[in-house]
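What follows is a set of notes on a single structure, which appears directly below.
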Amino acid sequence: FHGPAFQVLKSLVRGEHGASSVLSASSSVPLGRLNPALLDGATHGIPHDRLHLWDKQLSADRVAYPALITEMNFFGATPTSGTVRCEVRPDGFLGSRDFPAFLVQLIDDKGVWCSYRLIESCFPKGTLGSAEPADRTLT
């Protein structure tokens with residue numbers, strides 16, 4: 001979606017209660033203080049266009065996009081190499097079901113590096129968003 005620089009996802013296991021993934025801490029994206037490619041990669045386990053898989057009360061005709069981080073904590077130096085495990089779990093809502101929340105943890109070989117609460121905002125999928133993912137890909 002963002003191009004090759006942000007493709008840090010190495011593996012993903014998604015279940016009905018959350019997702020576990022392995023991300024590469026190195027990419028061609030400039031690191032800065034927070035390793036933006038790693039923070040972006042942490043969202044790739046969330047089924048943005050199929051949140052009803054994690055909560056049956058959410059509508060299948062909605063898609064969610066990251067909107068707000070309400071809390072973020074860091075517990076060590078920013079990972080710059082190797083792999084980082086990412087755990088994502090649903091965490092209720094901010095006000096209404098239009099704003100689902102997720103707890104995200106990024107874990108390197110020293111333990112939890114970063115944890116944050118991500119709020120997403122839901123929108124109608126429309127014609128394009130309702131198409132199968134392979135049909136939305138540019139060829």
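The values are calculated or read from the model by the stated rules, or taken from the named source; none is laboratory data. Just so you know, these numbers come straight off a predicted model, no measurement behind them. Cβ coordinates were reconstructed from backbone atoms using ideal geometry, including for glycine residues, and neighbour counts include every protein chain displayed. We work out accessible area using only protein heavy atoms, side chains counted, and drop any ligands, DNA or RNA first. Shrake-Rupley method; radii C 1.70, N 1.55, O 1.52, S 1.80 Å.
Worth a mention:
- Cα gyration tensor category, rounded, prolate or oblate, for region 35-139 with a/c compared to 1.5: oblate
- Share of carbon and sulfur in the accessible heavy-atom surface of the chain [1.4 Å probe, %]: 57 percent
- One decimal place: the segment residue 11-residue 89 gains 26.4 nm when fully extended, by the rule 0.36 nm per residue minus the C-alpha distance.
- Ignoring aspartates and glutamates fewer than eight residues from residue 10 along the same chain, the ones with Cα atoms less than 18 angstrom from its Cα are 40, 87, 108, 109.
- Reach of residue 125 by Cα under 22 Å, taken over lysines that are not fewer than 8 positions away in the same chain: 56
- Were the residues from residue 103 through residue 70 laid out at 0.36 nm apart, the gain over their Cα-Cα distance would be 10.8 nm.
- Applying a DSSP loop filter and a limit of 16 other Cβ atoms within 10 Å to the trypsin sites (Lys or Arg not before Pro) in region 1-45 leaves 33.
- Among 36-44, 75-83, the order from most to least packed when residues are scored by Cβ within 10 Å on average: 36-44, 75-83
- Solvent-accessible surface of protein heavy atoms, probed at 1.4 angstrom with all chains present, puts 135, 61 in the order 135, 61, largest first.
- Separation of alpha-carbon centers, region 51-74 and region 93-117, rounded to whole Å: 11 Å
- Residue-normalised accessible area of the chain, expressed per residue, 1.4 Å probe, Å²: 59 Å²
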